[in-house]
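Each remark here refers to the structure printed beneath this line.
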Amino acid sequence: VCLTCCSRDLMVKIDQICHQNRIKFFAGDVFGFHGFMFADLGDHEFVEEKTKVTKVSSGVEDGPDTKKAKLDPSETTMVKKRVVFCQLKEALAIDWSGEKAAAALKRITPDYFLLQ
């Protein structure tokens with residue numbers, strides 16, 4: 001489900017319905033030069049291809065590069081990953097007055113607060 005140009009209350013309500021029914025939800029809007037996009041994909045599982053790391057034998061070589069692991073681009077492995085997305089209601093209910101939130105506030109773009 002994709003929503004644009006909707007009120008905050010309507011987006012929260014539809015996201016809750018989608019989340020309960022395991023339906024992916026996207027919302028967004030634009031305000032002049034600023035905009036936002038939100039995605040609630042529920043429990044999202046995917047597979048990522050990673051380059052294998054090979055360890056260097058410590059017997060023959062000597063020097064600063066001896067202990068470093070080397071990447072072999074020809075060998076890869078598949079890694080299964082899982083991401084759990086939060087609901088829009090939870091994302092909007094963050095308390096920004098705490099210490100931990102104050103540290104994160106420095107990394108948050110002001111566009112986040114357009115919904116507030």
> In segment 28-49, how many residues are more than 21 Å from Lys81 (Cα to Cα) and touching a Ser or Thr at 6+ places or on another chain (Cβ under 7 Å)?
Replying inline: 2
>> I need the full set of residues from segment 20-43 which are more than 13 Å from Cys2 (Cα to Cα), open to solvent by less than 60 Å² (accessible area, probe 1.4 Å) and in contact with a Lys or Arg (Cβ under 9 Å, 6 or more places away or on another chain), in order please.
In response: Gly42
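Any idea how many residues of segment 1-27 are of a type in the set (Phe, Trp, Tyr) and in contact with a helix residue (DSSP H, G or I) (Cβ under 9 Å, 6 or more places away or on another chain)?
Total meeting the criteria: 1.
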> What number of residues in segment 83-116 are open to solvent by less than 50 Å² (accessible area, probe 1.4 Å), in contact (Cβ under 8 Å) with a residue 60 or more places away in the chain and over 27 Å from Glu48 (Cα atoms)?
Replying inline: 3
>> Testing Val47 on (1) under 25 Å from the mean Cα position of the chain (by Cα); (2) at pLDDT below 85; (3) of a type in the set (Val, Ile, Thr), one condition comes back false. Which one is that?
In response: (2)
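Residues of segment 5-57 being assigned to a strand (DSSP E or B) and under 16 Å from Lys89 (Cα atoms), which ones? Outline the logic, then answer.
Residues of segment 5-57 that are assigned to a strand (DSSP E or B), as a first pass: 25-31, 34-40, 43-54.
Answer for segment 5-57, where residues must be assigned to a strand (DSSP E or B) and under 16 Å from Lys89 (Cα atoms): Phe25, Phe26, Ala27, Gly28, Phe36, Met37, Phe38, Ala39, Asp40.
The values are calculated or read from the model by the stated rules, or taken from the named source; none is laboratory data. From a predicted model like this one, the values you see are computed outputs, not experimental measurements. Cβ atoms come from the backbone with ideal geometry, glycine included; neighbour counts cover every protein chain shown. Remember, those area values only see protein heavy atoms, side chains included, never the ligands or the DNA or RNA. Shrake-Rupley method; radii C 1.70, N 1.55, O 1.52, S 1.80 Å.
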